[in-house]
């Protein structure tokens with residue numbers, strides 16, 4: 001969270017030296033006096049007179065030399081531009097004060113005068129204390145800040161980044177103030193590719209907060225949507241900047257859907273709008289510097305990138321060219337057809353070997369086939385018939401007749417010879433061997 005520097009008036013009053021005097025007393029004076037008082041007796045009389053004469057008093061002044069030891073009592077000096085008085089606020093009263101006391105705070109104190117005999121000094125014993133003037137604004141600002149901080153409106157996690165190259169932006173501010181002139185001048189000098197919409201609003205006075213809220217809401221309703229929203233004004237006193245501390249303005253900025261820049265006042269001025277915005281700019285001029293890039297810087301950067309890319313391409317080209325030369329000097333690229341010729345030669349050798357193998361296999365299979373055919377031929381019944389034998393089978397069933405016992409008289413049989421066949425009928429059957 002940004003460090004908040006609260007604005008309080010500063011007074012440089014002259015330190016009042018202690019009252020000093022020289023009392024010249026002669027012996028005759030002492031002898032003629034009615035009564036001689038001791039220091040204690042005189043102090044008691046002063047105490048009675050002073051405390052009796054000022055039993056209740058309201059005193060306005062600025063707090064300085066404030067301290068609060070471990071006892072819990074508060075000690076400070078109440079001063080204006082011409083005098084000062086010591087004051088004390090006992091612990092019981094100090095615990096009832098709902099805001100922090102600090103040097104520079106203007107207050108109104110109620111209490112009574114008290115004479116502190118051991119030091120012969122008097123002081124104001126405060127039983128009531130309230131801020132006045134700027135102190136009241138300071139107190140209200142602190143309380144509102146604590147309230148909004150408790151709701152998480154100032155958390156860094158809520159902050160949104162600004163677009164790198166915005167095209168449309170709006171500025172909620174007074175159209176006649178120096179803030180908008182400074183903003184547009186810096187914007188024109190840095191970057192021209194952006195459209196600026198000025199949403200007029202009073203930035204000081206009773207109705208300023210309401211107009212600023214209306215301007216923020218209007219910016220969020222525009223179509224097409226804006227890229228960036230700027231809310232701000234020039235510097236001024238705490239009273240002048242108070243509109244940007246109003247709760248309605250802070251909540252409007254927090255609810256904005258557009259990334260928002262708060263550009264309120266000068267460097268020493270910090271408002272609640274600065275804390276809730278996505279980006280805080282110290283001045284409207286700085287807001288222009290943060291919302292758009294510098295054309296000169298972009299050009300310089302592009303030139304730098306161009307030089308780097310050119311050098312990188314040259315290095316890459318040189319490297320690839322060296323690698324290409326190395327590859328081109330290798331044998332396959334110097335004599336590319338040698339490999340083809342070697343493969344052709346190898347192919348011819350394989351074809352020759354394959355042809356010889358096929359031929360040998362063919363002759364081998366042919367020889368084996370001839371041997372098999374000879375065996376089959378030797379076992380063939382036709383070959384037996386060729387040697388003068390015949391085969392007889394039943395004419396009806398085709399069954400081979402193996403012996404005469406299987407025939408019957410009158411049965412039709414067929415006898416096959418090596419060449420032709422004869423059909424006959426059994427007339428007689430003779431059993432046994434001839």
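Values in this text are rule-based calculations from the coordinates and carry no lab data. Keep in mind that this is a model prediction, so the values were computed, not measured. Here the Cβ positions follow ideal geometry from the backbone for every residue, glycine too, while neighbour counts run over all protein chains shown.
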Problem - Nearest-ten-degree value, helix 39-53 long axis tilted from longest Cα axis of the chain - result: 80 degrees
Problem - As computed over the range 290-434, the Cα convex hull volume per residue (Å³) - result: 379 Å³
Completion exercise
What helix-only [θ] at 222 nm does the chain give? Using -39500 (n - 2.57) per DSSP H run of at least 4, over all residues, to the nearest 500, the answer is -13500 deg cm²/dmol
Practice task
Rank the residues 80, 206, 278 as a footprinting-exposure proxy: fewest other Cβ atoms within 10 Å of their Cβ go first.
Solution key: 206, 80, 278
Fill in the blank from the handout: Classified through the alpha carbon gyration tensor (a ≥ b ≥ c as square roots of its eigenvalues; rounded if a/c is under 1.5, else prolate when a/b is larger than b/c, else oblate), the range 106-238 comes out prolate
Exercise for the section: Tell me the label-point distance for the pair residue 36, residue 146, using the 7 Å Cα-to-Cβ offset, in nm and rounded to one decimal. Expected result: 5.9 nm
Exercise for the section: Report the dimensions of the range 35-140 along its three principal axes from the alpha-carbon atoms, largest first, rounded to Å. Expected result: 57, 31, 21
Problem - Estimated distance in nm for a label pair at residue 80 and residue 239, the labels positioned 7 Å out from Cα along Cα-to-Cβ - result: 1.8 nm
Fill in the blank from the handout: Distance in nm between residue 51 and residue 347 label points, each 7 Å along Cα→Cβ, equals 12.9 nm
Handout entry: Fewest-first sequence of 247, 210 by Cβ atoms within 10 Å of each Cβ
Key = 247, 210
Problem - Per-residue Cβ neighbour rank within 10 angstrom, fewest leading, 79, 147 - result: 147, 79
Practice task
Sort the following peptides by mean Cβ neighbour count (other Cβ atoms within 10 Å, averaged over residues), highest first: 421-427, 239-245, 257-263, 126-132.
Solution key: 257-263, 239-245, 126-132, 421-427
Completion exercise
So for R0 = 25 Å, FRET eff. of residue 366-residue 418 from the Cβ-Cβ r, to 0.05, ends up at 0.30
